Every structure is written in C-alpha cells, then in structure tokens.
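See below for the structure under consideration.
The values are calculated or read from the model by the stated rules, or taken from the named source; none is laboratory data. This structure is a prediction, so every number in the text was calculated from the model and none was measured. Please note: Cβ atoms are built from the backbone with ideal geometry, for glycine as well, and neighbour counts cover all protein chains shown. Ligands, DNA and RNA are stripped out before the accessible areas are found, and what is left, the full protein with its side chains, is counted by its heavy atoms. Shrake-Rupley method; radii C 1.70, N 1.55, O 1.52, S 1.80 Å.
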Amino acid sequence: SNADKPWQFLAWCLEASLWLKGELKESRLPVTVDASSNGLQLMSMLLRYKKGALATNCISRPNHPPNDIYMTVLKALKLKLQSTSVGWDWLSLVLDRKLVKSIIMTIPYGCTQYRATEMICQWYWKQNSTLFEGRLRKSADYLASSLMTVFYSLYPEFKSLMLYLESMGKTRGTPLIWCSPSGFPVLQNYHKTKMVDYDINVSKNLRAFNYNDETEEVDKAKMGRAFIPNFIHSLDAAVMHI
C-alpha cells in the first residue's frame, strides 16, 4: 500500500510469485520506457546544444549512469536559496525532485512563472505546513522565480530558443502552418475576441447575457505564447508516429 502505484505493484507481486515457482514463462504486464524530459531533449537537438544533450541523455555515455537534469537543477536551487531568509524557509520544507520536475519538464510546453507559482502552492498545501501563513503567494512566486533563474543560468541556450520561437509566432499577422517530421499538418490560428452583449426574453422576463466572440484580427500575443508548446508537441508526437 506504500508503493507509488499500489495496484500495479500488486500485479507485479502476483506475477513474481508465479515466476519464482516456475509457473510463468511470459509476463503479461506492460513495460513502459520513458525518455529524459522529451521537450528538453527536442530543444537540445534543435539547437545541437551539447550541454543540454548531455543533461537529458541524448548523447551516449557508456559505463556512466544516466544524467538527471532535475537533480542538477535542484542542487543549484538549494545553493541559491541559502542566500535569503525566505529561501531558508523553503529549504526547511525539504524541496524534492518531484516538485522541480513538475515545473522544469513543462517549460518547453509553455510553463510560465505564474503557472509555476500555482504548482508550488499546490505542493506546499500537501505538506500540511503553516510556515507561510498569509504570505504563501509571494513566497511561492519567489521560489518559482528562483527556480527558473537557476534553470536558465545553467542552460542559457534554452532561453534563447524559447524567445526565438515566441518571436516567430508573435511577428506573423497570419495563421502559422507547418508540417511535422512525420507528415502531420498543423494549423495555428488564434484570433482576438470581443465581448458581445445581448438581451433575451425568458418567460416574459428580459435577461442580459454576454459572451466572447472571435474577431477577424489575429491575436499576435497568443500566437507567440502558443507556438512554443504547439511546435514542441508536434515534434514530440512525430517521434511517436515514426
């Protein structure tokens, strides 16, 4: 019951017992093989960025254990947090790899500091702590900012690519169209919206409603923000397709 996924662990126990008794010739359990942060691997290869490729195990290192980019970032983050009182407060809660991973792995898919702050707040609430009573949001924002600063200081080329992809989406006043390496066509087309008010008669009572209606004008800001995750996702999916 203490396993990460209790029912999957139980299924393994049942099969293991059969194998130990010599009654199992072939396992019926699915075996998953995961990558080391797909998004950052793709960004490393797009850039031919050796440091990023090494950190995400895109480069073979015989007789060496796999690198763990999340632990690398966590260690650097802990050093940075030691310089402030708020940082020491976070260190007292024992920051873990799971929290860092949940944020870092989603950066290529458009994770912002605002979203990272929300994720940190959710992690904090699970700790059943009262350390940041009344000042959680500000403290979480500090931790989110520190984490992203540390990440980009370790791997500055990733920041350059993010800014470049955002500019590609933002400067175009027309829809973005591209084809993934597996041949899948992608259309990105976000338009600005405007509030429309209208009145409707319901059972002889006049009621007012409003809704956001799409205009003909392309939303360049949204196009810029969306292109990063949409483009990386299209490459990620192409790997699966191929």
Original post:
Would you pick out the residues in region 115-139 that are touching a residue at least 12 places away in the same chain (Cβ under 8 Å), in a loop (DSSP other than H, G, I, E, B) and either under 24 Å from I69 (Cα atoms) or open to solvent by 10 Å² or more (accessible area, probe 1.4 Å) (or both)?
Top reply: Q127, S129, L131
**OP:** Check L163, L187 and return the single one that is part of a helix (DSSP H, G or I) and under 23 Å from L42 (Cβ atoms).
**Re:** L163
Subject >> Every pair of residues 6+ apart whose Cβ atoms lie under 6 Å, when the first sits in region 32-48 and is in contact (Cβ under 8 Å) with a residue 24 or more places away in the chain while the second is charged (D, E, K, R) and part of a helix (DSSP H, G or I) >> reply: N38/D236; L47/E157
Subject >> Residue pairs meeting the criteria (Cβ under 7 Å; at least 6 apart or on separate chains; first in a helix (DSSP H, G or I), in region 4-26; second of a type in the set (A, V, I, L, M)) >> reply: F9/A3; A11/L29; W12/L29; E15/L24; E15/L29; L18/L24
Original post:
So is T56 open to solvent by less than 60 Å² (accessible area, probe 1.4 Å), closer than 25 Å to A226 by Cα and of a type in the set (S, T, Y) or not?
Top reply: yes
Original post:
Considering region 94-114 alone, what residues qualify as being loosely packed, with under 13 Cβ neighbours inside 10 Å and over 20 Å from D68 (Cβ atoms)?
Top reply: Y114
Subject >> So D199, is it of a type outside the set (F, W, Y) and either closer than 30 Å to K50 by Cα or outside any strand (DSSP E or B) (or both) >> reply: no
Subject >> E118 among the acidic types (D, E) and more than 28 Å from S234 (Cβ to Cβ) >> reply: no
Subject >> Index of the failed condition, S153 passing every other in (1) in a strand (DSSP E or B); (2) of a type outside the set (K, R); (3) at pLDDT 90 or above >> reply: (1)
